Amino acid sequence: MIILSQATDYIQHVYQVIEHRDPNQTEFLEAINDVFKTITPVLEQHPEYIEANILERLTEPERIIQFRVPWLDDAGHAQVNRGFRVQFNSAIGPYKGGLRLHPSVNLSIVKFLGFEQIFKNALTGLPIGGGKGGSDFDPKGKSDNEIMRFCQSFMTELSKYIGLDTDVPAGDIGVGGREIGFLYGQYKRLRGADRGVLTGKGLNYGGSLARTEATGYGLAYYTNEMLKANQLSFPGQRVAISGAGNVAIYAIQKVEELGGKVITCSDSNGYVIDENGIDFKIVKQIKEVERGRIKDYADRVASASYYEGSVWDAQVAYDIALPCATQNEISGDQAKNLIANGAKVVAEGANMPSSPEAIAAYQAASLLYGPAKAANAGGVAVSALEMSQNSMRLSWTFEEVDNRLKQIMQDIFAHSVAAADEYHVSGDYLSGANIAGFTKVADAMLAQGLV
């Protein structure tokens, strides 16, 4: 029985419980700490959250599914990977969150992503809960047939646990249109045609226009709102972007449309600097069509130079940093380098790309900081719009979806600002996003009783 009354004591107690249960899940503990350190004023004003033990209930997933994924490689050898689906919280709607295929995937990674997804989804204003899944399967270097066989095996098990009103997965790192197609084909074979059960589908079988662009566009829209709120704008700003996947590619495109000059992008091997501005069409051709490496960009563009290592170690001047690669890609020292390079703004396109030490450096330097759960919510927002279109048997135009996305990102920023103001942490967009997402989910949980 919880008898603690002080908010700080209660937060410390719950964190210790989680740390004792899952001491080795470092990413998950980091994600929890990121939220816990910002919600003390909420608990002080709402002792009913403490009485209902909302934090311990919120941080324990409703359901965790782990399973074996056997598949045959092209040589006829049996391979085995692990599959995961964490159905974290359904207080405001069916579980919604992507599937990640990457060697780093483990239970800690999937739980951290699912926990973040709860608040991200709440911030969109759409009726979707939080979940996440994936496998330690590495699609790099695999043939289309190997990826198909893996996806079919993965979905054979996953199909038992998902459904239109239960759990609707989407793509994430390593899961694009090709993988979603294979996954949906197997689901349809096993369970029948239900287009709303996966999002990120191809346009000719229930997908939504602007879904591919959504996370990158949404990041640019959110950053634009943050700039405007601080009497700034994109024109004349030099922008550093990491990554070269969907998020990075379409962030480059939209930032340049809004007047910024993007000078970098990267992959896991290295990065390019192009003082004339990155050409997103060339990056898209290399990464999405040819499935090549970002080094190829420097071979094709005379003004570009390629370097091994992390873009956040580069010594180059820029005003805005948009990390769009992966979690914890920016260390504390790299954050200090970023600040030394002249950055005044950081907005996150990847999930939790900044380490705790990096966030502390941003805050110490008074940077404008847009956290991932707010800044990169565009992808899941348009996934939910795809669900709506599937339910209505309609397809909206690109402009309709894009306009809805822009409004959602504007609303996310506005709600984060309002929450920060209400709890006397004005200008702290991290706290504002955490508080706005947390209170919505906590109130829904209270309303539904002890479930």
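The values are calculated or read from the model by the stated rules, or taken from the named source; none is laboratory data. Quantities reported herein were computed from a predicted structural model and do not represent experimental measurements. Please note: Cβ atoms are built from the backbone with ideal geometry, for glycine as well, and neighbour counts cover all protein chains shown. For the accessible areas, the whole protein counts, side chains as well, though only heavy atoms, and no ligand, DNA or RNA atoms are used. Shrake-Rupley method; radii C 1.70, N 1.55, O 1.52, S 1.80 Å.
Quick look at the numbers
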{"item": "Qualifying residue in region 294-305 (condition: open to solvent by 20 Å² or more (accessible area, probe 1.4 Å), among the hydroxyl-bearing types (Ser, Thr, Tyr), in contact with a strand residue (DSSP E or B) (Cβ under 9 Å, 6 or more places away or on another chain) and more than 20 Å from residue 141 (Cβ to Cβ))", "result": "yes"}
{"item": "Hits in region 72-90 (condition: open to solvent by 20 Å² or more (accessible area, probe 1.4 Å) and either touching a helix residue (DSSP H, G or I) at 6+ places or on another chain (Cβ under 8 Å) or more than 30 Å from residue 434 (Cβ to Cβ) (or both))", "result": "72, 73, 74, 75, 76, 77, 78, 79, 80, 81, 82"}
{"item": "Unmet requirement for residue 105, which otherwise passes all of (1) in contact (Cβ under 8 Å) with a residue 60 or more places away in the chain; (2) touching an Asp or Glu at 6+ places or on another chain (Cβ under 7 Å); (3) open to solvent by less than 20 Å² (accessible area, probe 1.4 Å)", "result": "(1)"}
{"item": "In region 306-333, the residues that are closer than 23 Å to residue 363 by Cβ, aliphatic (A, V, I, L, M) and open to solvent by less than 20 Å² (accessible area, probe 1.4 Å)", "result": "311, 314, 320, 321, 322, 330"}
{"item": "Of residues in region 122-137 being farther than 16 Å from residue 83 by Cβ and in contact with a strand residue (DSSP E or B) (Cβ under 9 Å, 6 or more places away or on another chain), the one most open to solvent (accessible area, probe 1.4 Å)", "result": "126"}
{"item": "Test set (1) among the basic types (Lys, Arg); (2) open to solvent by 10 Å² or more (accessible area, probe 1.4 Å); (3) part of a strand (DSSP E or B) - residue 140 fails condition number", "result": "(3)"}
{"item": "Out of 100, 21, 68, sole residue that is in contact with a Gly (Cβ under 8 Å, 6 or more places away or on another chain) and either surrounded by fewer than 17 Cβ atoms within 10 Å (Cβ to Cβ) or among the small types (Gly, Ala, Ser) (or both)", "result": "68"}
{"item": "Helices (runs of 4 or more DSSP H) completely within region 346-451 that count 2 or more residues being in contact (Cβ under 8 Å) with a residue 60 or more places away in the chain and open to solvent by less than 10 Å² (accessible area, probe 1.4 Å)", "result": "372-375, 378-392, 398-422, 429-447"}
{"item": "Residue within region 211-228 that is surrounded by fewer than 24 Cβ atoms within 10 Å (Cβ to Cβ) and small (Gly, Ala, Ser) present", "result": "no"}
{"item": "Strands (runs of 3 or more DSSP E) fully within region 156-270 counting 3 or more residues that are of a type outside the set (Phe, Trp, Tyr) and touching a Lys or Arg at 6+ places or on another chain (Cβ under 9 Å)", "result": "167-171, 261-266"}
{"item": "Check on residue 58, at pLDDT 95 or above, open to solvent by 20 Å² or more (accessible area, probe 1.4 Å) and aliphatic (A, V, I, L, M)", "result": "no"}
{"item": "Residues satisfying the stated conditions in region 304-336, i.e. closer than 13 Å to residue 240 by Cα and charged (D, E, K, R)", "result": "313, 319"}
